[in-house]
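The structure appears right after this line, and notes come after that.
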Amino acid sequence: MQCGWLQSGPQLWLSCVHRQVMVKAQGEEHRGWLLTVDPVSRSVVLLDLRAEGASVRVVMGHAVEHVEVLQEADQETLERIRSFFVPQETLSLDPEELQRRRSGVCGWLQKNLVPVEEDGNELRVAGVLTIRAPYGAEDCSSSNQIILDRIQRLIQAQPDPRPEPDPGQSGITSIH
Amino acid sequence: MATPVSVLRLPKGPDPNSRGFDPSSPRFIALCRTSIPTSAGADTEQLLEEQHARSVLRERFLRCLLAMSNKKVHFRMHEKVNVEATFGASDIDVLNFQVSDLHTPIGVQKEALIRCHDVISLTFEV
């Protein structure tokens with residue numbers, strides 16, 4: 001299936017995502033699963049899945065000559081592609097753990113004289129920054145870069161208050 | 001292991017900024033359009049759809065760039081030049097890449113700026 005790639009826009013590119021495509025660029029031919037197309041530079045990002053790992057190829061927009069969609073991904077391949085974008089610690093935390101984390105981060109920020117309040121499942125800092133689950137430095141979002149940077153650094157500096165959940169892995173050994 | 005070479009100072013061209021980075025030079029303006037214009041025109045609904053598609057695609061691309069940072073990246077450039085470097089950052093318009101430890105045929109450059117227009121494709125391991 002061929003599409004007028006170079007002339008089309010973001011909507012077509014979005015519909016081709018997660019399909020296998022063949023890209024011709026400056027005498028090279030590459031195949032891979034389409035991860036995304038950058039709307040700013042038209043760069044095509046392909047994922048090459050192998051048995052033991054994967055590699056990503058970015059073909060710069062100015063070099064792309066021809067793109068052809070080859071096939072759809074099956075369920076297993078789709079899962080592997082999706083796992084590329086999902087961050088490491090995903091939503092595998094239960095509500096209790098999330099509550100504990102939320103209170104922990106809230107307390108730490110308050111200790112550092114930062115105006116923060118709980119807003120449902122999120123934390124609101126000074127009315128301009130939001131922290132979503134699981135309340136790490138990467139879960140902060142704000143339109144103010146300075147506050148974002150400060151709060152991210154603060155969260156990264158937070159000492160880990162929790163003891164090891166698994167007693168077998170405790171770092172304390174007792175000598176009898 | 002190759003020792004880093006000292007920074008090369010290439011001779012200056014006729015213009016004050018002839019190395020291709022000056023955003024107001026005619027070459028830059030001709031080659032490096034900073035974004036793709038919209039095709040939706042005055043149709044609000046289509047515009048919204050297009051904006052949504054743009055933001056989803058751009059976010060995924062930015063995550064790819066994040067995944068690349070501090071990793072070894074192989075660049076395939078013009079004239080069959082293949083180099084390897086540690087990826088640092090990209091600028092907002094994806095026109096320049098900042099890399100470290102660039103292995104070139106004449107030695108290792110500790111820090112370098114690569115023009116995206118000189119790159120055909122780049123690869124990295126996930």
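Values for this structure:
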item: Every residue from region A:38-76 that is more than 27 Å from residue B:117 (Cβ to Cβ), surrounded by fewer than 16 Cβ atoms within 10 Å (Cβ to Cβ) and more than 11 Å from chain B (Cβ to nearest Cβ); result: A:51, A:70, A:71, A:72, A:74, A:75, A:76
item: Matching strands (runs of 3 or more DSSP E) fully within region A:62-148 where at least 3 residues are closer than 30 Å to residue A:33 by Cα and more than 21 Å from the chain's Cα centre (by Cα); result: A:64-72
item: Residue within region B:98-117 that is buried (at least 17 other Cβ atoms within 10 Å of the Cβ) and assigned to a helix (DSSP H, G or I) present; result: yes
item: Qualifying residue in region B:68-75 (condition: closer than 26 Å to residue A:81 by Cα, part of a helix (DSSP H, G or I) and not acidic (Asp, Glu)); result: yes
item: Residue check, residue B:67 at the interface with chain A (Cβ under 10 Å from one of its Cβ atoms) and buried (at least 18 other Cβ atoms within 10 Å of the Cβ); result: no
item: Those residues of region B:85-97 which are without any contact (Cβ under 8 Å) to a residue 60 or more places away in the chain and either surrounded by 15 or more Cβ atoms within 10 Å (Cβ to Cβ) or among the small types (Gly, Ala, Ser) (or both), in sequence order; result: B:85, B:86, B:87, B:88, B:89, B:90, B:94, B:97
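Values in this text are rule-based calculations from the coordinates and carry no lab data. Worth saying up front: this structure is predicted, and the values here are computed from it rather than measured. Neighbour counts are summed over all protein chains in view; Cβ atoms, including those assigned to glycine, are modelled from backbone coordinates with ideal geometry.
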